[in-house]
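Colleague: Supplied in structure tokens, the structure appears directly below.
The values are calculated or read from the model by the stated rules, or taken from the named source; none is laboratory data. The model shown is predicted, which means the values in this text are computed figures rather than measured ones. For neighbour counting, all protein chains shown are included, and Cβ atoms are generated from backbone atoms with ideal geometry for every residue, glycine included. Keep in mind that these areas ignore ligands, DNA and RNA; they rest on the heavy atoms of the full protein, side chains included. Shrake-Rupley method; radii C 1.70, N 1.55, O 1.52, S 1.80 Å.
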Amino acid sequence: MATTLTGCQFGGAEKDTSPIVIAADLELSGAAATVGQTYQRALKLKVDQLNSSGALNGREIKLDIKDNRSDSAESLRNIVDFSSDSRVSAIIMGGCNECAVGAVGTINEKRIPTIALAASGAIASPVADRRYVFKLGPNAADSAAALTTELRRNNIRKVGALVSDDDYGREGMTALKSELDKARITLREQKVKTTDTDVSQQVRQLASGKPDALVFWTPPEQATLAATTAQQTTFRGSLFFDAGAAGDLFLGAAAKATERATLIFTQTMVIDDVIATTPAKAARRQWFQDYTARFGGYNGSSSFAADAVQLIADAELRAGGEIGAVDRDGIRDVLETSQMDGLSGPIRMTPDNHSGLMPQALTTLVARNGRWRLAG
């Protein structure tokens, strides 16, 4: 009897050592495979770091990754499969706007917390219809405001825009037109499908209007393709890239075409140019170095995937619940009030705003000698 009592007294509360299962629906093949593979690398690196850090109270994160083949129907099947698995705490979705927007109803119905890395505002808004859906990445309105500030600073009066014909492109043009109207800058636009591998006709059409600048509001591969095409025309103005066009740090074959181009993006992309004066900046620099050391280069979007893992892990640990059981509602509630100085920049989720990247996270970068650098 005494032995039993002593065991209870000093054994303490039972410790939860169950794995934290995070599911990921990514574009690992198909049209958007490049960004999907970037997210996959980032997720694996961040999970390895957290698992070896001792910060998870004796628990370990396990990733369950499925390829949606850049197809929204396949993505939805993945979401249904993940939500049916009671071990899964939350889902991270990749860069496909249509996939994330198309899955909103199912995510809410299945009540599974989901963080999407795609850019469209319709993923996380209106919040009342998207209680379980969160978004991490640049917002169109913030990107449009920052771009317009740069256009004004450069005394640009006439802009041609190449825009992806999807939710994010349409949303972006609405935001950009509004900002440009206030600045009295005229705008002509040409649309491209996100799957287009030839944008020469649209770029030539824009160049023929003799704009002072071209804005590329497209996925990264199309933006560098458009820059290369613009170089082959009579256009000699400035190039501006929206945050959604950010890709690799090093511009490779597009180096000459993109020289002196401007990109609106997060500071982490060029953190090796920044003096690490705060713990958050030091963490960003460390992430940049770790990613570069493992993969031989850096992709700007990687930090969003890493921050999504951190948010879910923190929410799982704070949500509590029964040992060995997943409390998805608890995780959702914690996510909704999460605040973090993340690898991407300041992140603030609220019950009224499920798109957490703050406008202050965006800064101005310039292409110099084949890579992006901090402007100034």
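Colleague: Residues in region 236-247 that are open to solvent by less than 60 Å² (accessible area, probe 1.4 Å) and not in a strand (DSSP E or B): how many?
Modeller: 7
Colleague: Does region 42-60 contain any residue that is closer than 22 Å to Arg130 by Cβ and in contact with a Leu (Cβ under 9 Å, 6 or more places away or on another chain)?
Modeller: No: zero hits.
Listed here are the residues, each with its yes/no results for (1) in contact (Cβ under 8 Å) with a residue 40 or more places away in the chain; (2) closer than 25 Å to Ala140 by Cα; (3) among the aliphatic types (A, V, I, L, M).
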residue	(1), (2), (3)
Glu316	yes, no, no
Gly345	yes, yes, no
Gln360	no, yes, no
Asn369	yes, no, no
Trp372	yes, yes, no
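Colleague: Kindly provide the set of residues from region 267-284 that are over 25 Å from Met93 (Cα atoms), open to solvent by 20 Å² or more (accessible area, probe 1.4 Å) and in a helix (DSSP H, G or I), ordered by number.
Modeller: Asp272, Asp273, Pro279, Lys281, Ala282 - these are the residues of region 267-284 that are over 25 Å from Met93 (Cα atoms), open to solvent by 20 Å² or more (accessible area, probe 1.4 Å) and in a helix (DSSP H, G or I).
Colleague: Further, regarding this structure: For region 248-266: of the residues being open to solvent by 10 Å² or more (accessible area, probe 1.4 Å) and assigned to a loop (DSSP other than H, G, I, E, B), which is nearest to Tyr168 (Cα to Cα)?
Modeller: Among those residues, the one meeting the criterion is Leu251.
Colleague: Out of region 195-232, which residues are open to solvent by less than 20 Å² (accessible area, probe 1.4 Å), over 18 Å from Ile264 (Cα atoms) and outside any helix (DSSP H, G or I)?
Modeller: Across region 195-232, the qualifying residues are Val199, Gly209, Pro211.
Colleague: Sticking with this one: For region 1-29: of the residues being at pLDDT below 90 and open to solvent by less than 50 Å² (accessible area, probe 1.4 Å), which is nearest to the chain's Cα centre (by Cα)? Lay out the reasoning, then the answer.
Modeller: Residues of region 1-29 that are at pLDDT below 90, as a first pass: 1-17.
Going one step further and asking which of them are open to solvent by less than 50 Å² (accessible area, probe 1.4 Å), we end up with 7, 16.
Details: Gly7: 49, Asp16: 31 Å.
It comes out as Asp16.
Colleague: Can you tell which of Lys66, Lys46 is under 22 Å from Val104 (Cα atoms) and of a type outside the set (Val, Ile, Thr)?
Modeller: Exactly one residue qualifies, and that residue is Lys66.
Colleague: Additional query: Would you please name the residue that is surrounded by the most Cβ atoms within 10 Å (Cβ to Cβ), looking only at residues in region 180-194 that are farther than 21 Å from Gly36 by Cα and not basic (Lys, Arg)?
Modeller: Leu180
Colleague: Could you tell me which residue of region 225-257 is farthest from Thr186 (Cα to Cα), considering only residues that are free of Cβ contacts under 8 Å to residues at least 40 places away in the same chain and within 19 Å of the chain's Cα centre (by Cα)?
Modeller: Selected residue: Ala245.
Colleague: Does region 81-106 hold any residues that are within 19 Å of Ala319 (Cα to Cα) and either in contact with a strand residue (DSSP E or B) (Cβ under 7 Å, 6 or more places away or on another chain) or part of a helix (DSSP H, G or I) (or both), and which are they?
Modeller: Matches in region 81-106: Ser83, Arg87, Val88, Ser89, Ala90, Ile91, Ile92.
Colleague: Now for a different question. Taking Phe295, is it crowded, with 21+ Cβ neighbours inside 10 Å and under 30 Å from Ala254 (Cα atoms)?
Modeller: Considered against the rule, which asks whether it is crowded, with 21+ Cβ neighbours inside 10 Å and under 30 Å from Ala254 (Cα atoms), Phe295 comes out as no.
Colleague: Please work out which one of (1) touching a helix residue (DSSP H, G or I) at 6+ places or on another chain (Cβ under 7 Å); (2) in a helix (DSSP H, G or I); (3) polar (S, T, N, Q) is the condition Asn78 fails and give its number.
Modeller: Going through the list (1) touching a helix residue (DSSP H, G or I) at 6+ places or on another chain (Cβ under 7 Å); (2) in a helix (DSSP H, G or I); (3) polar (S, T, N, Q), Asn78 breaks only (1).
Colleague: Let me ask you something else. Starting from residues that are small (Gly, Ala, Ser) and under 23 Å from the mean Cα position of the chain (by Cα), keep the ones in region 159-179 and report whichever is surrounded by the fewest Cβ atoms within 10 Å (Cβ to Cβ).
Modeller: Ala175
Colleague: I need a count of the residues in region 38-82 that are open to solvent by 70 Å² or more (accessible area, probe 1.4 Å), without any contact (Cβ under 8 Å) to a residue 40 or more places away in the chain and within 21 Å of the chain's Cα centre (by Cα).
Modeller: Counting residues in region 38-82 that are open to solvent by 70 Å² or more (accessible area, probe 1.4 Å), without any contact (Cβ under 8 Å) to a residue 40 or more places away in the chain and within 21 Å of the chain's Cα centre (by Cα) gives 2.
Colleague: Taking the conditions exactly as written (in contact (Cβ under 8 Å) with a residue 24 or more places away in the chain and open to solvent by 10 Å² or more (accessible area, probe 1.4 Å)), does Gly94 satisfy them or not? Step through it out loud before you land on a result.
Modeller: Details: in contact (Cβ under 8 Å) with a residue 24 or more places away in the chain: yes; open to solvent by 10 Å² or more (accessible area, probe 1.4 Å): no.
For Gly94, the condition - in contact (Cβ under 8 Å) with a residue 24 or more places away in the chain and open to solvent by 10 Å² or more (accessible area, probe 1.4 Å) - is not met.
Colleague: Answer yes or no as to whether Arg111 is open to solvent by 40 Å² or more (accessible area, probe 1.4 Å) and either in contact with a strand residue (DSSP E or B) (Cβ under 9 Å, 6 or more places away or on another chain) or acidic (Asp, Glu) (or both).
Modeller: Against the criterion (open to solvent by 40 Å² or more (accessible area, probe 1.4 Å) and either in contact with a strand residue (DSSP E or B) (Cβ under 9 Å, 6 or more places away or on another chain) or acidic (Asp, Glu) (or both)), Arg111 does not qualify.
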